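Here's the structure we're looking at; comments come further down.
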Amino acid sequence: MNGPVLEVSDLKVRFALPRKGFGRKPMVHAVDGVSFQVAQGKTLGIVGESGSGKTTVALSVMRLVNATAGSIKLNGSDFGALRGDALRVQRRHIQMVFQDPYSSLNPRSRAKDIVAEPLDLMKVGTPSERQERVTEVFRQVGLRADQLSLFPHQFSGGQRQRLGIARALATKPELVVCDEPVSALDVAIQAQILNLLAELQREYKLSYLFISHDLAVVQHLCDDVLVMYLGQVVEAASREQLFTNPLHPYTWALLSSVPQVGRRALTGTTVLDGDPPSPVDLPVGCRFAARCAYAQAICRQEPPPLRAIAPDHSVACHLVTESGDAPQRPIMFSPR
Ligand code: SF4
């Protein structure tokens with residue numbers, strides 16, 4: 001197929017909070033109009049602080065959280081509209097690797113049963129074909145056949161994440177959603193798992209939607225990157241554009257917190273002070289204005305649209321010019 005493996009358009013996810021007194025229930029705007037595509041064999045990274053909505057995007061793409069609005073197309077068909085058996089059958093094309101390899105594996109199940117679970121649920125092949133697939137995928141992720149009957153606690157942290165990856169790959173999905181898959185691991189093991197994901201992608205033309213708060217990890221693995229802030233995309237760019245020519249002040253702040261990345265990308269540092277505003281009571285203008293050192297009057301009055309300033313670079317900031325010049329600090333005049 002030629003089109004994108006995953007196409008998400010204007011995704012919105014809202015949660016109602018318990019009502020306090022009279023009036024309407026307060027709503028959490030967790031994801032607010034996010035659109036993106038993932039091409040075959042490519043990795044799209046989504047980065048942002050906790051509360052940015054990146055994990056909610058992943059969970060709604062997986063149909064583990066209900067979208068309030070928008071569409072989710074998988075291989076060109078409307079995955080977001082599927083229900084019941086039709087949804088269960090299509091799930092074999094999209095699988096997930098979770099952050100914590102220990103808590104996402106049933107401690108009472110043997111490794112082979114954990115990996116076979118999605119095959120059994122989706123009734124893929126005959127029982128003997130499923131067994132063969134489990135052995136094959138064990139080898140693909142670097143686990144040994146003599147480990148098939150072990151329990152999760154008998155694996156190291158890195159091996160447990162390999163087991164999580166084996167479970168995700170068992171049904172031969174085209175798209176794997178990776179939610180912070182290495183953040184619970186030691187640094188040395190992180191590199192092994194990232195290299196394994198990259199090898200598997202090359203070998204099997206997998207597409208990844210890769211959720212991370214760590215820009216160094218994103219730089220290692222992703223072809224394109226979305227930066228999310230308070231439920232919205234504030235910058236979308238190819239990896240090269242994002243790391244050599246970041247334009248949004250929030251992206252600068254994220255890059256500044258990663259020394260080896262920030263030094264190359266930025267001349268100075270941008271410190272991120274304070275917390276994001278409440279996702280229940282959203283500001284009228286730019287959602288980043290309260291923390292932005294470059295904010296001007298218009299920023300507090302009008303939300304900046306996400307504008308394309310190059311074929312592989314879009315940004316939502318009033319002060320980025322049409323030709324892609326970054327915001328300049330406001331000039332302060334001292335009274336005489
Ligand atoms: Fe900062 Fe204004 Fe740009 Fe928002 S629109 S990021 S407040 S300069």
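The values are calculated or read from the model by the stated rules, or taken from the named source; none is laboratory data. Remember, predicted model here, so these are calculated numbers, not experimental data. Virtual Cβ from ideal backbone geometry, glycine too; neighbours counted across all protein chains shown. What goes into the accessible areas is simple: the full protein's heavy atoms, side chains included, and nothing from ligands, DNA or RNA. Shrake-Rupley method; radii C 1.70, N 1.55, O 1.52, S 1.80 Å.
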Q) List the pairs whose first member sits in segment 191-220 and is at positive phi, whose second member is in a loop (DSSP other than H, G, I, E, B) and buried (at least 17 other Cβ atoms within 10 Å of the Cβ), and whose Cβ atoms are under 9 Å apart, counting only residues at least 6 apart or on separate chains? A) Lys205/Glu174
Q: Could you give me the residue pairs with C-beta distances under 7 Å whose first residue belongs to segment 321-335 and is part of a loop (DSSP other than H, G, I, E, B) and open to solvent by less than 50 Å² (accessible area, probe 1.4 Å), whose second residue is of a type in the set (A, V, I, L, M) and modelled with pLDDT of 60 or more wherever it lies, and which are 6+ apart or on separate chains?
A: Gly324/Leu247; Gly324/Ile309; Gly324/Ala310; Ala326/Leu247; Ala326/Val320; Pro327/Leu319; Pro327/Val320
**Q.** Candidates Lys25, Lys42, Lys12, Lys20, filtered to the one that is touching a residue at least 24 places away in the same chain (Cβ under 8 Å) and open to solvent by 60 Å² or more (accessible area, probe 1.4 Å)
**A.** Lys42
Q | Residue that is modelled with the lowest pLDDT [pool: residues in segment 92-111 that are surrounded by fewer than 20 Cβ atoms within 10 Å (Cβ to Cβ) and part of a helix (DSSP H, G or I)] | A | Arg92
Q) Within segment 271-283, can one find any residue that is open to solvent by 70 Å² or more (accessible area, probe 1.4 Å), within 15 Å of the ligand (Cβ to nearest atom), out of contact with any strand residue (DSSP E or B) (no Cβ under 9 Å at 6 or more places or on another chain) and at pLDDT below 95? A) yes
Q: Only residues that are in contact (Cβ under 8 Å) with a residue 24 or more places away in the chain and either under 21 Å from Arg202 (Cβ atoms) or of a type in the set (D, E, K, R) (or both): list them for segment 136-162, please.
A: Val137, Phe138, Gln140, Val141, Gly142, Leu143, Gly158, Arg160, Gln161, Arg162
Q) Just wondering, is there one or more residues in segment 42-50 that are over 29 Å from Val280 (Cα atoms) and polar (S, T, N, Q)? A) yes
Q: Consider only pairs whose beta carbons are under 9 Å apart and that are at least six residues apart or on different chains; among these, list those whose first residue lies in segment 297-308 and is touching a residue at least 60 places away in the same chain (Cβ under 8 Å) and whose second residue is within 10 Å of the ligand (Cβ to nearest atom).
A: Leu306/Val234; Leu306/Glu235; Leu306/Val315; Leu306/Ala316
